[in-house]
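All remarks here apply to the structure that follows.
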Amino acid sequence: MWQIEDLIRAFQLNIDLIDENIIAPYPISETEKRTMYEWYESLIDMMRKENVQEKGHLQLNKNVIIDLNDFHELLLQSGADSEYNHLFYSILPHLVQLRKKAEVNINDIELCFNFLYGIMMLNLKKEKISDETAAAQKDISKFMALLAKDYKLYQEGELDLYK
């Protein structure tokens, strides 16, 4: 979704440009295109209402990060997945370094998302990253994949954190 926000910004929150360049060429039915158009239109409206036309994230996206971080903390405290705890503590030195470089006070999960999104943007620009950054990316990606897996299991009632 962060990429979608950036894409909308790149088209200056102009639904006509988005329709022309993204929706119209998309190989889907006219009904699906209309749904896609309305979805982009609603995102543009939300971005304006929440004053994130130039930077920042929609509240709905922030809420996802908050939910994931709450789950992360609950999962750590529960000890229900020892591999998860092990992975988290193994990436902690990366997080400390990232937090120091970024000079921001955000939760661990948002920090991971920011880092991985930044790497994705560098890759899109075909910019080279250091071996140290690539190693951090690998470790943090593995951790985030496990977070996603455990979150899905928890949402489906297949992971009990209150045993």
When the stretch 62-94 is checked residue by residue, the ones that are without any contact (Cβ under 8 Å) to a residue 40 or more places away in the chain and closer than 13 Å to Phe143 by Cα are Leu76, Ser82, Asn85, His86, Tyr89, Leu92
Residues satisfying the stated conditions in the stretch 23-54, i.e. touching a residue at least 40 places away in the same chain (Cβ under 8 Å) and either outside any helix (DSSP H, G or I) or exposed (fewer than 12 other Cβ atoms within 10 Å of the Cβ) (or both): Val52, Gln53, Glu54
Members of the stretch 107-163 found to be acidic (Asp, Glu) and within 18 Å of Ser90 (Cβ to Cβ), listed by number: Asp108, Asp131, Glu132, Asp139, Asp150
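Values quoted throughout were computed directly from the atomic coordinates according to the rules given, and no laboratory measurement underlies them. Note that the coordinates shown come from a computational prediction; the quantities given were computed from them, not determined experimentally. Note: ideal-geometry Cβ built from the backbone for every residue, glycine included; neighbour counts use all protein chains shown.
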